[in-house]
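Below: the structure, in structure tokens.
The values are calculated or read from the model by the stated rules, or taken from the named source; none is laboratory data. Given the structure is predicted, the values throughout are model-derived calculations rather than measurements. All Cβ positions, even for glycine, are placed from backbone atoms using ideal geometry, and neighbour counts span all protein chains on display.
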């Protein structure tokens, strides 16, 4: 999927808060995302020919379009779902926030 937006949100559904935070920390330590938000949701979806209901967590990761493919591959390796939702949403942040995003995505320091 391609988009002309430089910045994106990546919307990822997760089985638990722990999984969402684990994925976020992995992506943050690799400087693939600048920030992540989490919130609980209730979901309904088709799975194995039945409508299913479950409690999940959403992870919204903030990054650039160019990092999407790498993020998608990394998340697929560690995600507990066999078919995880990893969706790119183009955004147009204000100038100060986009500058901050770029600074965070080039950070190469050590974790404290």
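Couple of notes before you dig in:
- The set of residues in the range 4-24 being exposed (fewer than 14 other Cβ atoms within 10 Å of the Cβ) and either closer than 12 Å to residue 38 by Cα or under 10 Å from the mean Cα position of the chain (by Cα) (or both) consists of 16, 18.
- Residue match in the range 86-101 (condition: surrounded by 15 or more Cβ atoms within 10 Å (Cβ to Cβ), part of a loop (DSSP other than H, G, I, E, B) and more than 11 Å from the chain's Cα centre (by Cα)): yes
- Within the range 57-69, if we keep just the residues that are in a strand (DSSP E or B) and in contact with a helix residue (DSSP H, G or I) (Cβ under 9 Å, 6 or more places away or on another chain), the residue that is surrounded by the fewest Cβ atoms within 10 Å (Cβ to Cβ) turns out to be 58.
- Residue among 72, 104 that alone is touching a strand residue (DSSP E or B) at 6+ places or on another chain (Cβ under 9 Å), surrounded by 11 or more Cβ atoms within 10 Å (Cβ to Cβ) and at pLDDT below 95: 104
- Enumeration of residues in the range 11-47 that are closer than 12 Å to residue 75 by Cβ, part of a loop (DSSP other than H, G, I, E, B) and either out of contact with any helix residue (DSSP H, G or I) (no Cβ under 8 Å at 6 or more places or on another chain) or in contact (Cβ under 8 Å) with a residue 60 or more places away in the chain (or both): 32, 33
- Single match in 60, 78, 12, 23 (criterion: over 25 Å from residue 97 (Cα atoms) and at pLDDT 95 or above): 78
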